[in-house]
Amino acid sequence: MKSLAEFISEKREKAGMSVTGLAKRSGISIETIEDIESGKELFLSVTIRQKLARALKLQPAEIKSYEKIITDISVKPETVDDIKEMILEGETDLYCPICGSKLVVRIAKMYDLEDNLVLHPKAHCSQCTFQIK
């Protein structure tokens, strides 16, 4: 079965759109489209799914069927906090607390209402559904 990334990329190309074109047509940022098509996003919010479906002339359920199913696997909040702290400290050699596979990590730079830079650590596992958003 195809991944969500492959499915969205294929549908976008069949519709004759670039990443920029899909971003404009859907109202979703280019960065988010790129994250979806690169496999960084394994499941989508309802809003993103609906916008993509509308832009690609699909039903939201079609997209949802390619998303990774979240199982009821719990990770201790302290573990997640430790991983976030290590990402912010520049550590890149981190492993999934669920399956042990290497995590893909990054730091998202955002701004608060007072225009202060806020760093948000993010990580996902390519082998299971573990994700820090």
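Would segment 117-126 turn up any residue that is part of a strand (DSSP E or B), among the small types (Gly, Ala, Ser) and surrounded by 12 or more Cβ atoms within 10 Å (Cβ to Cβ)?
First, pick out the residues of segment 117-126 that are part of a strand (DSSP E or B): 117-125.
Now narrow it down to the ones that are among the small types (Gly, Ala, Ser): 123.
Now drop any that are not surrounded by 12 or more Cβ atoms within 10 Å (Cβ to Cβ), which leaves 123.
Checked against the condition, which is being part of a strand (DSSP E or B), among the small types (Gly, Ala, Ser) and surrounded by 12 or more Cβ atoms within 10 Å (Cβ to Cβ), segment 117-126 yields at least one hit.
If you take the residues of segment 41-64 that are aliphatic (A, V, I, L, M) and part of a loop (DSSP other than H, G, I, E, B), which of them is farthest from residue 131 (Cα to Cα)?
Of all residues in segment 41-64, those aliphatic (A, V, I, L, M) come to 42, 44, 46, 48, 52-53, 55-56, 58, 61, 63.
Pick out the ones that are also part of a loop (DSSP other than H, G, I, E, B) and you get 42, 44, 58.
Numbers: 42: 8, 44: 12, 58: 26 Å.
Applying the filter and picking the extreme gives 58.
In the condition set (1) closer than 18 Å to residue 3 by Cβ; (2) at pLDDT 90 or above, residue 82 is compliant with all but (1).
Among the residues making up segment 13-69, those that are acidic (Asp, Glu) and under 13 Å from the mean Cα position of the chain (by Cα) are 31, 34, 35, 37, 41, 67. Number of residues in segment 1-40 that are assigned to a loop (DSSP other than H, G, I, E, B), without any contact (Cβ under 8 Å) to a residue 60 or more places away in the chain and under 18 Å from residue 122 (Cβ atoms): the value is 3.
Considering only segment 81-100, I want to know if a residue exists there that is outside the structural domain of residue 36 (by TED's automatic domain parsing), in contact with a strand residue (DSSP E or B) (Cβ under 7 Å, 6 or more places away or on another chain), without any contact (Cβ under 8 Å) to a residue 40 or more places away in the chain and part of a strand (DSSP E or B). Looking through segment 81-100, at least one residue is outside the structural domain of residue 36 (by TED's automatic domain parsing), in contact with a strand residue (DSSP E or B) (Cβ under 7 Å, 6 or more places away or on another chain), without any contact (Cβ under 8 Å) to a residue 40 or more places away in the chain and part of a strand (DSSP E or B).
The values are calculated or read from the model by the stated rules, or taken from the named source; none is laboratory data. Computed from a predicted model, the values in this text were never measured in an experiment. Note that each Cβ is placed from the backbone with ideal geometry, even for glycine, and that neighbours are counted across all protein chains shown.
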